[in-house]
Amino acid sequence: MDVINVARQIQKKIHLLEEGRDTLELLALEKAQAIGKYEKEVAITLMALRAGKPFELEGETIKDPPVSIMEKLVKGICWEVSIANSLADAKYKIGIEKMKSIEAELNGYQSINKNLETI
């Protein structure tokens, strides 16, 4: 590798990190919104279940369950929102790992560049 190609790769990685930073910010917002939506859905469902509203889950009607299992049932009723919440969390974590990978590549190119400059 020559100095010019290494410099181009360094610039490319810096650009990817800049783009990644913006993407990560959006993913963080999506994660926060998904958490909020899930928590809100759980609260609304819990209030409705306590008020006696029947819910259907896998063909079974749930109405006036014992308080001891109510929270678990609510999580089951809100399963779709929970999946969206988990997916948003996973996307955010993957974004962080991608950034770390690009940083490692950048560090490698910077080391190569340093060695090429000393030759």
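Given H placed 1.01 Å from N in the peptide plane, which residues other than close sequence neighbours of residue 62 have an amide H under 5 Å from its amide H?
Amide H to amide H, under 5 Å and 5 or more residues apart or across chains, residue 62 pairs with 55, 56, 57.
Among 118, 23, 45, which comes first, then next, by fewest other beta-carbon atoms within 10 Å?
118, 23, 45
Using a simple spin-label model with points 7 Å from Cα along the Cα→Cβ vector, what separation in nm is obtained for residue 72 and residue 40?
With each label placed 7 Å out from Cα toward Cβ, I get 2.9 nm.
Under a point spin-label approximation (7 Å from Cα along Cα-to-Cβ), what is the residue 56-residue 97 distance to one decimal in nm?
3.9 nm
Which of the lysines could be linked to residue 114 by a straight reach, that is with a Cα gap under 19 Å, when you skip same-chain ones fewer than 8 residues away?
By straight Cα distance, residue 114 reaches 12, 13.
For the chain, modelled as a GNM with alpha-carbon contacts under 10 angstrom, which of 52, 36, 76 fluctuates the most?
In this elastic network of the chain, the residue with the biggest mean-square fluctuation among 52, 36, 76 is 52.
Please find the FRET efficiency linking residue 110 to residue 90, where r is the Cβ-Cβ separation and R0 is fixed at 25 Å, and quote it to the nearest 0.05.
0.25
Where a number appears in this text, it was derived from the coordinates with a stated rule and is not lab data. Keep in mind it's a predicted model, so treat the numbers as computed, not measured. Heads up, the Cβs are rebuilt from the backbone with ideal geometry, glycines too, and the neighbour counts pull from every protein chain shown.
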